[in-house]
1. When the gyration tensor of the range 82-130 is built from Cα positions, what are the square roots of 5 times its three eigenvalues, in whole Å, from largest to smallest?
2. Kindly give the semi-axes, whole Å and largest first, of the ellipsoid equivalent to the range 38-89, taking each as the square root of 5 times a Cα gyration tensor eigenvalue.
3. Roughly speaking, what is the stretch gain from residue 113 to residue 35, that is 0.36 nm per residue apart minus the C-alpha to C-alpha distance, in nm to one decimal?
4. How high is the relative contact order of the range 70-155? Use alpha-carbon pairs under 8 Å, at least six apart in sequence, and give a whole percent.
5. Measuring from a point 7 Å past the Cα of residue 83 along Cα-to-C-beta, which residues in the range 101-122 have an amide N at less than 20 Å?
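A short reminder: the numbers here are calculations on the coordinates, not readings from a lab. The structure presented is a predicted model; accordingly, all values stated were derived computationally and were not measured. When we count neighbours, we look across all protein chains shown, and the Cβ atoms used for this are built from the backbone with ideal geometry, even at glycine.
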């Protein structure tokens, strides 16, 4: 029986980033409702991708109703472009652009001029290396912790 187990795009992200389904709920809360069978199928998909068996992985992905690698890559590129546009809006102190670009974000209902001013301040603190103060603002705004990926930004690139 075919079952579309797309859960808010999270499952597509699981395969593109190579996370095991058993660990999925730690990174994607939407994945908590997966059955053991669905988790097993995602683990199988992950293994196929890791082994470089993309043809079989594509067949299983289609059977599970998941997006293709091309669709996931296109979505990833779209998200990256949107992230860059949001970053530019923050750097240029352009509230209207930020508001428009984040209209579908989980925090969209909180976006107002005060929220945006705090985002700008948080960004400036990160750029100056004051990660602790920036993190306090992140918490104040109710934004999720980026986890270890955020650590990469601290010591590596300036993609904040």
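1. On the way: eigenvalues 61, 27, 18 Å².
Over the Cα atoms of the range 82-130, the semi-axes work out to 18, 12, 9 Å.
2. 28, 10, 10
3. Stretched fully, the residue 113-residue 35 segment lengthens by 23.8 nm.
4. 20 percent
5. Residues passing the 20 Å test: 101-108, 119-122.
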